[in-house]
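Participant: Here it is, the structure, as structure tokens.
The values are calculated or read from the model by the stated rules, or taken from the named source; none is laboratory data. Quick caveat: nothing in here was measured; it's all calculated off a predicted structure. Cβ atoms come from the backbone with ideal geometry, glycine included; neighbour counts cover every protein chain shown.
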Amino acid sequence: MPELPEVETTRRGIVDHLCGAEIADLVVRVPKLRWPISPALPYELRGEVIRTVERRGKYLLLRCVRGTLLYHLGMSGSLQLVPPGRRAGPHDHVDLVTGAGPVLRLTDPRKFGAVLWVEGDPLKHPLLRDQGPEPLTADFDGAYLLARSRGRSRSVKAFIMDSKVVPGVGNIYANEALFQAGIRPSTPAGWLGAERCDRLAASIKEVLIRAIAAGGTSLRDFVGGDGRPGYFSQQLQVYGRGGEPCNRCRTRLVETRQEQRSTVFCRHCQR
DNA sequence: CCCAAGACCTGGCGGC
DNA sequence: TGCCGCCAGGTCTTGG
């Protein structure tokens, strides 16, 4: 569920409430997420004041005075502001409590998500340090993709889903961006020329921007920080549409498997 | 270094 | 209805 647009939608839904808030408690019901949450963490956090809520790739950064609380939503995670005292369901693993207002609740059935406390510069943390440029900044463009893809034999789809190349692009938006750019997902990344790299970078930006504007893609029960679902699923051109006609040429879309991820493309529009 | 597969988890769905 | 296998938005880790 959570690729960059969903994480950004979540960030926008929680930022106003959290900025300036003092952390009163971290209630950990299930500490065994991607990495175990230390029993000492709630004591370390008490009294910390959240200064900003930022996003890097698919990570959310709650920057406090002495450190940064990092959240990752994994495959099935979501964050919501809920009224204090609301009963916790079986997958409501962690609550961040700030004073009297709503509580930031992490819900994650598959437990691939993460909550980490990082002291010092969070961008130097091993999880963030090797990530490529943010896709929605000027640092990310066709020239960058061209330079990074020289000599690479892996498929362009796996290439753009690699956070070391560019963070935030997951399976949904990789499929969508490649359709928009007219590039077949299995093409070796190193075969792309300057023109196709330009189109690909532009398509990634456009797809992500449109998805953010729609509030993300709600599959299953994803909702943003304000509890509202996203509507980008109505604009999906290929993801989840295997066997259906291409919206551009009406050819039946092909669904295959690449690196164990479902891949959908139009064999007429994408070369 | 590069690449693909494996691993981590739970729930929902289609098929029998 | 019940069970089984397969699939799902991610990404770190492992092994070749």
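Participant: Residue check: is A:Val169 under 16 Å from the mean Cα position of the chain (by Cα) and touching a residue at least 40 places away in the same chain (Cβ under 8 Å)?
Facilitator: Judged against the criteria, A:Val169 is a match.
Participant: All but one of (1) at pLDDT below 95; (2) within 11 Å of DNA strand C (Cβ to nearest atom) hold for A:Pro109; state the number of the condition that does not hold.
Facilitator: With (1) at pLDDT below 95; (2) within 11 Å of DNA strand C (Cβ to nearest atom) applied to A:Pro109, the lone miss is (1).
Participant: Something else about it: Taking region A:3-33 only, how many residues are assigned to a loop (DSSP other than H, G, I, E, B) and under 15 Å from A:Arg105 (Cβ atoms)?
Facilitator: So the answer is 6.
Participant: With respect to the numbered conditions (1) under 30 Å from A:Asp92 (Cβ atoms); (2) within 16 Å of DNA strand B (Cβ to nearest atom); (3) surrounded by fewer than 17 Cβ atoms within 10 Å (Cβ to Cβ), which one is the sole condition not fulfilled by A:Ala213?
Facilitator: (2)
Participant: So, in region A:47-77, exactly how many residues are surrounded by 13 or more Cβ atoms within 10 Å (Cβ to Cβ) and part of a loop (DSSP other than H, G, I, E, B)?
Facilitator: Residues flagged as surrounded by 13 or more Cβ atoms within 10 Å (Cβ to Cβ) and part of a loop (DSSP other than H, G, I, E, B) within region A:47-77 amount to 9.
Participant: Checking the structure you have, find out if any residue of region A:89-100 is among the acidic types (Asp, Glu), at pLDDT 95 or above and either in the same structural domain as A:Ala211 (by TED's automatic domain parsing) or buried (at least 18 other Cβ atoms within 10 Å of the Cβ) (or both).
Facilitator: Yes; the residues of region A:89-100 include at least one that is among the acidic types (Asp, Glu), at pLDDT 95 or above and either in the same structural domain as A:Ala211 (by TED's automatic domain parsing) or buried (at least 18 other Cβ atoms within 10 Å of the Cβ) (or both).
Participant: For A:Gly190, are the conditions met, namely being in contact with a Gly (Cβ under 6 Å, 6 or more places away or on another chain), in a helix (DSSP H, G or I) and among the small types (Gly, Ala, Ser)?
Facilitator: yes
Participant: Any residue that is under 26 Å from A:Val53 (Cβ atoms), in a loop (DSSP other than H, G, I, E, B) and either of a type in the set (A, V, I, L, M, F, W, C) or touching a Lys or Arg at 6+ places or on another chain (Cβ under 7 Å) (or both) - is there at least one of those in region A:78-86?
Facilitator: no
Participant: Could you identify the single residue in A:Ala158, A:Ala143, A:Ala147 that is within 12 Å of DNA strand B (Cβ to nearest atom) and either in the same structural domain as A:Glu8 (by TED's automatic domain parsing) or surrounded by fewer than 17 Cβ atoms within 10 Å (Cβ to Cβ) (or both)?
Facilitator: From the options A:Ala158, A:Ala143, A:Ala147, the qualifying one is A:Ala147.
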